[in-house]
Amino acid sequence: MKLVTTRMLPLPPIEFNGEKMQIDCFQGDMSVFDGATIIVSTALEKLDRDMIMALPDSVGLIANFGIGTNNIDVEAAKQRGILVTNTPTGVEDTADLTFYLILAAARRATFNEKFVRTGGWDDENILGAIGSAVHHKTLGIVGFGSIGQQVAKRALGFDMKVVYHGPNRKHEAEKTIDATYYADLVEMLKVADIVSLNCPLTPSTHQIINADRLKAMKAGSVLVNTGRGPLVDEKALIEVLKKAAPVAAAGLDVFENEPHVPEELLALDNVTVLPHLGSATVECRMDMVKIVMSNIHNFLAGNHDAMTTV
């Protein structure tokens with residue numbers, strides 16, 4: 001038995017029916033997949049159509065570390081008869097980080113921390129950058145799934161008004177979360193003081209926040225993205241943030257071409273940036289390892305119904 005990871009990962013030894021599985025790492029040479037049954041990937045590597053079509057027939061499972069699978073051409077995998085699984089965990093952790101970015105961006109935490117650390121705060125300069133309040137503001141959530149709803153629950157603790165947009169209204173969620181649905185995204189952007197992107201990346205959500213929609217946002221608003229980088233037209237966002245109008249600040253955990261972040265974006269002092277940390281807690285990563293291992297063992301045992309397939 002042979003398993004190939006797309007990067008070095010701390011997987012524990014894997015045994016099935018008394019046989020120990022060989023674990024190799026893909027480092028650009030496709031021959032490493034010869035004889036492999038399982039591929040373990042992460043959100044940082046792309047398994048596009050060409051790569052999946054080039055895999056040997058022995059491959060039967062791609063076990064992905066991550067809630068999403070936008071890094072994998074799932075349709076191509078289906079054509080090859082390859083199962084694709086994800087790790088649907090980290091909802092609370094990502095919601096926590098989303099709210100951290102809401103606070104950090106609104107209160108200009110990144111600029112003010114740098115102001116103190118670089119010695120700018122002294123007897124002559126006693127005031128850093130003044131931010132905007134979060135409490136009692138209107139939070140607009142794009143994507144009201146499990147993560148979006150957890151962000152909304154946190155917002156209620158700040159006495160925020162919650163509005164949301166998505167392809168479908170979530171009546172059940174509205175019973176426990178006082179949220180107002182907007183079928184029209186632009187109309188929601190016009191009323192939201194803070195906009196949080198918590199939707200998956202699909203062809204329909206690619207650059208869902210583009211130049212026109214950025215211009216439609218409320219003056220002095222804050223944009224937070226903990227979903228996927230390509231949800232936002234990065235170049236258009238940079239131009240808007242340069243003027244701090246209408247978007248005054250942004251909090252970004254994800255980017256269009258990770259791990260590469262445009263220098264123009266990094267130069268702006270009204271942006272808080274993080275290196276894709278949504279699920280980066282010890283507890284969450286341990287859960288992800290457990291789910292990946294469970295998917296592998298269930299695949300080997302033929303228990304496909306017990307797998308987190310997509």
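Any read-out appearing in this document is the output of simple, stated calculations on the displayed coordinates, not a laboratory observation. Source: prediction; values computed, not measured. Positions of Cβ are generated from backbone atoms using ideal geometry, with glycine treated the same way; all protein chains shown enter the neighbour counts.
The table for this structure:
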item	result
Virtual paramagnetic centre 7 Å along Cα→Cβ of VAL273, amide N under 13 Å, in segment 237-257	238, 250-257
Estimated vicinal HN-Hα couplings, Hz - segment 114-128 in sequence order (Karplus 6.51, -1.76, 1.60; Gly, Pro = x)	4, 4, 6, 5, 8, x, x, 7, 9, 5, 8, 10, 9, 10, x
Segment 91-273: Rg to Rh, with Rh as the Kirkwood radius over Cα pairs	0.97
Relative frequency of Cα-Cα separations exceeding 27 Å in the chain, percent	48 percent
Paramagnetic reach from LYS290 in segment 42-68 [backbone N under 20 Å; point 7 Å along Cα→Cβ]	63-68
For segment 186-194, Karplus couplings with θ = phi - 60° (6.51, -1.76, 1.60), whole Hz, Gly/Pro x	4, 5, 5, 4, 5, 9, 7, 7, 10
Full-stretch length increase - ASP50, GLN27 - with 0.36 nm per residue and alpha-carbon distance subtracted	6.6 nm
Nearest 10 degrees, 0 to 90: helix 234-243 Cα axis against the chain principal axis	20 degrees
Length released on extending from ALA183 to LYS215, taking residue separation times 0.36 nm less the Cα-Cα span	9.6 nm
Amide N proximity, segment 244-285 versus PHE158 label position 7 Å along Cα-to-Cβ, cut-off under 18 Å	247-254, 270-274, 278
Inter-label distance for HIS206 and HIS171, nm, one decimal - labels placed 7 Å from Cα along Cα-to-Cβ	3.4 nm
Phi to ³J(HN,Hα) by Karplus 6.51 cos²θ - 1.76 cosθ + 1.60 over segment 269-285, Hz, x for Gly, Pro	8, 10, 10, 9, 10, 9, x, 6, 9, x, 9, 7, 10, 4, 5, 5, 5
In degrees, nearest ten, helix 91-106 long axis to first principal axis of the chain (Cα)	30 degrees
Amide H within-cut-off set for LYS2, under 5 Å, with H built and near neighbours excluded	GLN22, THR37, ILE38
